[in-house]
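The values are calculated or read from the model by the stated rules, or taken from the named source; none is laboratory data. Everything quoted here is computed from the prediction, not taken from an experiment. Cβ sites come from the backbone with ideal geometry, for glycine too, and all protein chains shown count toward neighbours. Ligands, DNA and RNA are excluded from the accessible area calculation, which covers all protein heavy atoms including side chains. Shrake-Rupley method; radii C 1.70, N 1.55, O 1.52, S 1.80 Å.
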Amino acid sequence: MSERTIATKAVILSRVSSKDQEDGYSLEVQTDRLEKYCVRKDLRIINKFQIVESSTQGDRKKFMEIIKFIKAQRETIALVADKVDRIQRSQKETPILDELIKKGNLELHFNSEGYIIHNESTAHEMMMWGMGVVIAKSHTDLLSENVKKSFKRKIETYGEWYGHAPLGYLNKRDERGRSMIIIDPVRAPIIEKFFTEYATGVYTLPEMAIKVNKWGLRTKDGRHISKSSLYHMIQNSFYYGQMKIKGEIWPHCHGTIISREVFKACEAVRRNWGRKPFQCRSREFIFKGILKCAITGTTVSAETKTKTYNNGKIDGWTYLRTFDPKIPNKRMWVREDNIIGQLEEVLKNLCIKDPILLKQTMEYLTVVNDGKSHEFNREVAAFKEEHTKIQTKLDKLVDLLAEGILSKEDFMRKKDQLKERQYELTEILASYDKVDDKFSKKLASLINIASGAYETFKGSTIAEKRELLNFIFANLQLRGQKLEHTLAFPFSELTKLTNCSTYPG
């Protein structure tokens, strides 16, 4: 364990998450409050950072500037922020901060939440930090749904593709500098010929690869076309006017190279309709996509075996397919209920047994919830205010048009811009109720885990069990008959609370 170091110098971090707040009071109020905190804690301020950025976008360059500055110091530095989510809103920064804390280079001071993380912090304090990050990430993830919803509406309304155009199409800019997609006059005819000939069923994809390369089809960087490229192309519905986004199909406005009938004919050839179809089981398994084989690293699959007795009774057992640790290339089958039993033993140890610690945890989560509620209300009020201001601008535009100051063309252009933003704000406000509800559920999940993950797991549906496992575990793998696991932070700290009073260095 590292020797306890106490910071005497501080770096202040104030952050707001959008340009709209840059000129408001948030940064100034945060900074003033943190300066007073440093006076109370006898910390000498050596630098102040005011950040206007989204903590979910890019690599947070300014955040890394702060880390670089702290690393350059020769003594322990207190990074002082109002709340956990002012410093981080995801777990990706945790390893960076954790390393500096362990070495005694850094202390995290959270003013509003009232605790300090240092190299001798208790496991309970570490867990609190982690819970704050989990809640902050949940808040960010839920709010990002607003952006996705607006993006989806534009796709539905205009049918525009926003990524790189597939082969046969080109990304261009119009005279106003806006991005657009057009049909490639050189490659599109060759691609149409490829689809038409493959639809006959006479040629295989390797044979078609030879043909298209002879015809002169090349990738956008001039390389020859591979069989795998054709395999992906033959499944891309974009060529007949349908784009696939997040598993959903939408019509696009960028023109078609082939007809839907030709695409379906190619699909029939590719799938070889004459063969016996694969029968997929409909049962949902608890570990589907979650459990890995420790020997091969592949996902563990499951299969249910049934037995009919002479009296007509039918029993079923689910087996997990993995590989034998002693003979790595040999498959083996493990009873699922045995692995679930091992999992439940892990979950039993996740509860906080100390009533005082449990009470402190619940109080902390309540404070976090109250803080988020206040933040939600403030953001909603800001959106409503912007909506009202836009309406005022729209009313003034009508007056300017009536007075002849604005032409009809300018009026329509400005009106469309304002109405577009107003529509987005209406969508955002409508989605905030759902965001608030989901945040409450995430908070409830943390409370349930703090008070008893095992009981929560036992009383859940299979879908809820899977969600809980993804939430709690960073890694689950099977080594023969034995379940191995790594808990996600901060749940890794829960198992330390009973036997460990200090942060392990």
| note | Filtering segment 282-303 for residues that are of a type in the set (S, T, N, Q) and either modelled with pLDDT under 85 or in contact with an Asp or Glu (Cβ under 8 Å, 6 or more places away or on another chain) (or both) leaves a count of 1
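Residues checked against (1) surrounded by 15 or more Cβ atoms within 10 Å (Cβ to Cβ); (2) in contact with a Ser or Thr (Cβ under 6 Å, 6 or more places away or on another chain); (3) at pLDDT below 85; (4) closer than 30 Å to residue 321 by Cα:
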site	(1), (2), (3), (4)
387	yes, no, no, no
405	no, no, no, no
415	yes, no, yes, no
447	yes, no, yes, no
| task | Those residues that are under 20 Å from residue 367 (Cα atoms), surrounded by fewer than 21 Cβ atoms within 10 Å (Cβ to Cβ) and within 21 Å of the chain's Cα centre (by Cα), I need them from segment 86-129; list them, please. | result | 90
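For segment 1-120, list the strands (runs of 3 or more DSSP E) that sit wholly inside it and hold at least 3 residues that are on the phi > 0 side of the Ramachandran plot and at pLDDT below 90; which are they? Outline the logic, then answer.
Working: elements: 9-16, 44-52, 77-81, 106-110, 115-117.
Where strands (runs of 3 or more DSSP E) fall fully within segment 1-120, none carries at least 3 residues being on the phi > 0 side of the Ramachandran plot and at pLDDT below 90.
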| field | Long-range neighbours under 8 Å by Cβ, at least six apart or interchain, first residue aliphatic (A, V, I, L, M) within segment 297-312, second open to solvent by less than 50 Å² (accessible area, probe 1.4 Å) and part of a loop (DSSP other than H, G, I, E, B) | value | 300/287; 302/285; 302/287
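So that you can scan it fast, the table gives a plain yes or no per residue for (1) surrounded by 15 or more Cβ atoms within 10 Å (Cβ to Cβ); (2) modelled with pLDDT under 70:
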position: 402; (1), (2): no, no
position: 444; (1), (2): no, yes
position: 468; (1), (2): yes, no
position: 486; (1), (2): no, no
position: 489; (1), (2): yes, no
position: 497; (1), (2): yes, yes
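Can you tell me how many residues in segment 194-214 are surrounded by fewer than 16 Cβ atoms within 10 Å (Cβ to Cβ), out of contact with any strand residue (DSSP E or B) (no Cβ under 9 Å at 6 or more places or on another chain), assigned to a helix (DSSP H, G or I) and not hydroxyl-bearing (Ser, Thr, Tyr)? So that I can check it myself, show each step before the final result.
Residues of segment 194-214 surrounded by fewer than 16 Cβ atoms within 10 Å (Cβ to Cβ): 196, 200-202, 204, 206-207, 210, 213-214.
Subsequent filtering for residues that are out of contact with any strand residue (DSSP E or B) (no Cβ under 9 Å at 6 or more places or on another chain) retains 196, 200-202, 204, 206-207, 210, 214.
Now drop any that are not assigned to a helix (DSSP H, G or I), which leaves 196, 206-207, 210, 214.
Cutting the leftovers down to not hydroxyl-bearing (Ser, Thr, Tyr) gives us 206-207, 210, 214.
Total meeting the criteria: 4.
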| note | Taking segment 225-245 and keeping only residues that are part of a strand (DSSP E or B) and within 18 Å of residue 188 (Cβ to Cβ), one is left with 242, 243
| field | Long-range neighbours under 7 Å by Cβ, at least six apart or interchain, first residue touching a residue at least 60 places away in the same chain (Cβ under 8 Å) and on the phi > 0 side of the Ramachandran plot within segment 465-483, second open to solvent by less than 40 Å² (accessible area, probe 1.4 Å) and among the acidic types (Asp, Glu) | value | 480/324
| task | Determine which member of the set 243, 233 is touching a His at 6+ places or on another chain (Cβ under 6 Å) and open to solvent by less than 60 Å² (accessible area, probe 1.4 Å). | result | 243
| message | I'd like to check something: does segment 346-354 contain any residue that is over 20 Å from residue 132 (Cβ atoms), open to solvent by less than 30 Å² (accessible area, probe 1.4 Å) and out of contact with any helix residue (DSSP H, G or I) (no Cβ under 6 Å at 6 or more places or on another chain)? | response | yes
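Being among the small types (Gly, Ala, Ser) and over 42 Å from the mean Cα position of the chain (by Cα) is the filter here, so list the residues in segment 300-317 that pass it. Before you say what the answer is, go through the steps one by one.
First pass over segment 300-317, keeping only residues among the small types (Gly, Ala, Ser): 301-302, 312, 316.
Scanning segment 300-317 gives a single hit, 312.
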| Does residue 181 count as surrounded by 16 or more Cβ atoms within 10 Å (Cβ to Cβ), touching a His at 6+ places or on another chain (Cβ under 6 Å), modelled with pLDDT of 75 or more and of a type outside the set (Phe, Trp, Tyr)? | yes
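Could you check how many residues of segment 300-321 are surrounded by 14 or more Cβ atoms within 10 Å (Cβ to Cβ), among the β-branched types (Val, Ile, Thr) and not in a loop (DSSP other than H, G, I, E, B)? First the steps, then the outcome.
If we filter segment 300-321 for residues that are surrounded by 14 or more Cβ atoms within 10 Å (Cβ to Cβ), which is where we start, we get 300-303, 318-321.
Those still in the list that are among the β-branched types (Val, Ile, Thr) too: 300, 318.
Next, only the ones that are not in a loop (DSSP other than H, G, I, E, B) stay: 318.
Summing the residues that are surrounded by 14 or more Cβ atoms within 10 Å (Cβ to Cβ), among the β-branched types (Val, Ile, Thr) and not in a loop (DSSP other than H, G, I, E, B) in segment 300-321 gives 1.
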| Given (1) within 26 Å of the chain's Cα centre (by Cα); (2) in a loop (DSSP other than H, G, I, E, B); (3) of a type in the set (Gly, Ala, Ser), where does residue 382 come up short, assuming only one miss? | (2)
| message | Restricting to segment 284-307, give me the number of residues that are out of contact with any Ser or Thr (no Cβ under 9 Å at 6 or more places or on another chain) and at positive phi. | response | 1
